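Below you'll find the structure, written out as structure tokens, and then a few comments.
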Amino acid sequence: MKQALERRKEQYASQRQRYEDIMDQNQKQFLTTATFIKNDFQKLHNLLQEQEKNNISDLQVELEQKTNLIDGEVKHLIDAIANLDEQLKELDKELNADDHVILKKSCSQKRRIACIAGKLKPIAKDTLINISHHRGYIKYRACREMLSNIEVVPFTFDINTASPWLGVSEDLTKVSKTGGSIPFETPGRLESVPGILGSRGFCCGSHTWEVSLDNVRSWRVGVVSSTDGHLQLFKQESENKYLFIYKEEGCDGMCRVSDASKIELQLIAPLEIVRVKLDFDEGELSFYDAENEILLYTFYDYFSSKVFPYFNIGTLESHDPAEFLEICSMDLCLQNLPRL
């Protein structure tokens, strides 16, 4: 009886220690994540400030152009007015002269006055600043410009699912065998393999993502879903449904599929980027050589629960921090951005 109580006490103490470790880890992650958020927003602020500066500069350029145009027109009018003043002075002199002189000069004088009066043009339409050009859709143009300067990924790696052997980059887009990002056991992480999940799960629609292999010698890329609707991460891979293609170390020039057939997929060139296309509703999962636009393999299956991107790098025995998998950035339209 006493031994049972002591064992229970040890279990409680161990559980308490795990919670305390998680609290410490949360504090560390809060500080690093807060710094990352501030840095990212500072980059966005810099982009917006640069756009604001450029937009005002464009407005200033147009103001100078319009000012130069108007200055030219005003100078022409000043010259014309001065010329007319001279003509008026001559007319005043002639009006004081005798009738013979007036009759002699009247025809040529009329021609000169008519010529000067005929040069007056209406005010040009392009003398006003094009306000619509500078103010119209300014928020949309700012967002579009920001997208062109920002690398957008369809999802990131979920660091909380990373196995103890893996490290994840600060922006959560690269994973390598550099040691654990979380140095203790936590619920929801991959335990039996050096794997990690994507941060987004899919339960409907079509989705595409690309993974850079960067000459990794051993890898798996695919998806995982639960067989009973509750994904448990997990001691045994058989507890969940896995669909992936993979390459083993030493098997250059080919990769295999994860089903029982283990079909060999011959490659015409080293596979550098894998494109994954998931059609949840149709039950299709396709893999492509993204560099050469070649279909490698398509799984046909029924997905009964949410599907998560799945990745594996190396083996339990391998350790090469120079090798990493990377989620590639993709061109996304504003209306196609994921709702996070």
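Of the GluC sites (Glu not before Pro) found in region 247-276, those that fall in a DSSP loop while having at most 16 other beta-carbon atoms within 10 Å are 248, 249, 272. For 302, 137, 246, the sequence from fewest to most other C-beta atoms within 10 Å is 302, 137, 246. For the pair residue 149 and residue 273, label points projected 7 Å from Cα toward Cβ lie 2.3 nm apart.
Ranked by the mean number of other Cβ atoms within 10 Å of their residues, highest first, the peptides 79-88, 147-156 come out as 147-156, 79-88. Residues 74, 193, 168, ranked from the fewest to the most other C-beta atoms within 10 Å, line up as 74, 193, 168. For region 1-81, the Cα gyration tensor yields ellipsoid semi-axes of 77, 6, 5 Å (square root of five times each eigenvalue, largest first, whole Å). Under 17 Å from a label point set 7 Å out along the Cα-to-Cβ vector of residue 83, the amide N atoms of region 120-146 belong to 120-122. The packing ranking, built from the mean of other Cβ atoms within 10 Å per residue, places the peptides 62-70, 128-136 in the order 62-70, 128-136, highest first.
Here, each number is a calculation from the coordinates, and none is a lab measurement. Owing to the predicted nature of the structure, the values given are computational and were not obtained by experimental measurement. Cβ: placed from backbone, ideal geometry, glycine included. Neighbour counts: every protein chain shown.
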